[in-house]
Every structure is written in C-alpha cells, then in structure tokens.
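Participant: Below you'll find the structure I mean.
The values are calculated or read from the model by the stated rules, or taken from the named source; none is laboratory data. Model, not experiment: these values are computed from the prediction. Cβ coordinates were reconstructed from backbone atoms using ideal geometry, including for glycine residues, and neighbour counts include every protein chain displayed. Protein only, heavy atoms only, side chains kept; ligands, DNA and RNA dropped before computing areas. Shrake-Rupley method; radii C 1.70, N 1.55, O 1.52, S 1.80 Å.
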Amino acid sequence: MDKTALADRLGQPAPFGRSPFAIARGNIFEARLKADGCAALLDPLRSRLGLPAGDDSPLRVPDLLPRSGPAARAARTAQALAEAVAEPAAWTLLDHPMLRLTVAGSPAYLEPDAVVVRGGRCTVVEIKSFPVLDGAADPAKVGAAARQAAVYVLALQEAAGQRADSGPYDTQELPGSPELSVLLVCPEDFSNRPTAELIDIRRELATTRRQLARMTRIDELLDALPPGTSFDLVPDVAGQPTRPVAELTAAVESVPAAYSPECLSSCELGFHCRSQARCEGAVEQLGRGVRGELGSIRSVGEALAAAHGDAPEGDEAAARLGYAAALRAEALGAQAMAGAVAG
Ligand code: SF4
C-alpha cells in the first residue's frame, strides 16, 4: 500500500521527509558527477577503488532501462551485473541499478546511486549532498548513509546467491558478491568538488540482517487482518483516489495501531494515528515510557481519576499516581502558605 497517498486521502498528510532544497541540491550534485560519462566521478573512483588513469575512460556504463517498471529494471540489472562479473578485467558502473531484496517473504525493490563492478566484485557507491568539511562529515549523516548502503549490499549478496542463513562475511568466494565497504561521495568544503571515502559497513550489515530475520512474514500479517480488509485507494485513470474516505477510515481502524510519538518521524500515518490516539484519550500519545509506568491504566481520563483518588483498590500504578498527586498538592499548599506569610 502507498501509505503517503493513504494518509493524504485520510486528511492527515505526513509533512516530513527531506526538504525540497536538500533534494534539489543532492540531485544537482549527482547529475554533475555523472555528466559526460561520469567524468567528475572518475577521480574518486581512481583514488579510492584503483580505477586506472588514462585518457580514454575505462568505465563502461550499460543502459539499465530507467523508464521501465521495477521488475523489468531489476531483471536488466541482474543481466548487466552478470555480464560485468564475467569480465573481471573490465570496469563497469551500473547507474541507478534496480536491486531486489526479499523482505518479510516478499520482494522489495531498491535503487542505489551506483554500483561499480571490477575484478568480479561489486562496490556500492552512495552520493550524498552533505559536505565533508576539513576531512570530516556529520557522523549522524554518515551513519544513516551506512545503514542505507547496508540494505543495498544485502540485496547484492542475495543477487550473488548467498544463502539467507549464512553469515554476513561468507561472500568472498561468490562471483559478483559485494565488498563489505561502500564508497561515500560528498561535496568537499561547500564546493561542488567531490571527495570520497570507503566506509566499513560490516556492523550495519549484521544489524540489518538481524532486523530482517526478525520481521514477521507479510502473508502472516495479512492472515491476521479481518476478512475483506483492503487499503486500496481505487485510483481513476488520472491516478486520483476514488474510494470513499469513510470506507478507508473504517478499513484503517479495523487494524489495531500501536501509536507512540516516535511514529511521527518514521511512519506516513503518524499524524492520523496520533489524532486517533488523542480522540480516544489513549495514554500511548504520552510516549512509551509513560505508557509503561501507567501499567493497567489505558486512558488519560483513568490516569486523572486515579490522581484524584478515584481508582480501583489494589492497582499499584493508580495508588502511586494518587500518592504523587497528594504530594504535589501538599507541596503547592506549602508554597502558597509561604507566599502568604512573606506577603
Ligand atoms: S501506529 Fe505508528 S507505525 Fe503503526 S500505522 Fe500508526 S503511525 Fe504507523
């Protein structure tokens, strides 16, 4: 399902994501690097990957059907990858290849900025618009780029035929297997000049593998849905959704949500789920920490009632809330008394 379009249709669009200026800056930097047969990218490839110097660019850039659908693009990428691996002496750059990765038992399609193949091995190239200043970049942004690249490396390992249950480092013998470091290319000191660094992603790779292995399969999730549930927006020929909002709202509400404030920065439905949690007065809107502290108390109304001493006997969380409220009232009373004496 397209969660961005669904949130939009429900009247709660998610206004998060990269700023349009950052996206435009990134696109311009990448286009500049890849113009004229990747002329500006050759220097980082020479300095970090050992691409030989020469007047004629030794880099081959095959056509990867950029205007086709994801499945056709993935098939073309697999073919180009196999051809590049079969010629270990050649240097090949796959520009925006389409990779396929099995996530929760279903195929997901991923598009790295580039993959360089030489000597039968691949290296993921990530192009980012954040600057490297005096040889150092923002560690949080480098970490995010490493986590993103780790998913691409997993997809390349899957393409190389690595078994899903094998360790992250068992790829050395497989032709076409990816390197365990990725080439991060960024602008240098606010200029448009590129600088590049190889980033070791073995830790990110191991973490991502563990997370993927723990995911519930999509067919199991679907089995748990009420029969007939669908989030289809039923688009018309112009791609505009035609499904009534009330029907969609009912479909979304038929699935229990586990909202927490962290959803706002990671899920397109965050604003919809927050508004539902607020309408229901659910304690989840106060964060996981408060939710855990409140134990059996499930709503803000119940929490306020417990604070005023109106709670069931023997409920530990309610008793603690009542005690805390009494302490607060006592402290405020003492403060008011001290103010009156001083006045
Ligand atoms: S509960 Fe959170 S993660 Fe789940 S759909 Fe709502 S916003 Fe998304």
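Participant: Give me the one-decimal nm value for the distance between modelled label points at residue 275 and residue 249, 7 Å along each residue's Cα-to-Cβ direction.
Facilitator: Result for the modelled spin labels: 0.8 nm.
Participant: Also, I was wondering about something else. How many nm is it between the label spots at residue 290 and residue 47, if each spot is 7 Å from the Cα in line with the beta carbon?
Facilitator: Distance between the two pseudo-spin positions: 5.0 nm.
Participant: What's the extension gain from residue 304 to residue 60 if we count 0.36 nm per residue and subtract their Cα-Cα distance? Display every interim value, and only then the final one.
Facilitator: Working: separation 244, 0.36 × 244 = 87.84 nm, distance 6.79 nm.
Computed gain between residue 304 and residue 60 is 81.0 nm.
Participant: By how many degrees, 0 to 90 and rounded to 10, does the Cα axis of helix 202-214 deviate from the longest principal axis of the chain?
Facilitator: So the inclination is approximately 60 degrees.
Participant: While we're on this one: Run the simple label-point estimate for residue 207 and residue 342 please: 7 Å along Cα→C-beta, distance reported in nm.
Facilitator: If labels sit at residue 207 and residue 342, their model points lie 4.9 nm apart.
Participant: Moving on. Quick one: compute the contact order of the chain, relative version, from alpha carbon pairs under 8 angstrom and 6+ residues apart, as a percent.
Facilitator: On the way: 474 pairs, mean separation 47.4, N = 343.
Dividing the mean separation by the residue count of the chain yields 14 percent.
Participant: Give, in nm to one decimal, the length gained when the segment between residue 191 and residue 39 is fully stretched (0.36 nm per residue of separation minus the Cα-Cα distance). If you can, show how the numbers build up before the last one.
Facilitator: Details: separation 152, 0.36 × 152 = 54.72 nm, distance 1.68 nm.
Computed gain between residue 191 and residue 39 is 53.0 nm.
Participant: OK, next. If each DSSP helix of 4+ residues adds -39,500 (n - 2.57) and the sum is divided by the residues in the chain, what number results at 222 nm, nearest 500 deg cm²/dmol?
Facilitator: Numbers: 12 runs with 151 residues, N = 343.
It lands at -14000 deg cm²/dmol.
Participant: Distance between the C-alpha centers of segment 312-337 and segment 185-242? Whole Å please.
Facilitator: After rounding, the separation between the Cα centres reads 46 Å.
Participant: Working with all protein chains in place, sort 96, 272, 308 by solvent-accessible area computed with a 1.4 Å probe, largest first.
Facilitator: On the way: 96 55, 272 10, 308 155 Å².
Heavy-atom accessible area, descending, gives 308, 96, 272.
Participant: Between residue 315 and residue 68, what length in nm is gained on full extension when 0.36 nm per residue of separation is reduced by their alpha carbon distance?
Facilitator: Details: separation 247, 0.36 × 247 = 88.92 nm, distance 6.06 nm.
That works out to 82.9 nm of additional length.
Participant: Here is a further query. Net charge within 15 Å of residue 65 by Cβ-Cβ distance, Lys/Arg positive one each and Asp/Glu negative one each, not counting residue 65 itself? Intermediate results must be reported in sequence, preceding the final value.
Facilitator: Values: positive: 67, 73, 76, 100; negative: 63, 83, 95, 111.
Combined, the nearby Lys, Arg, Asp and Glu give 0.
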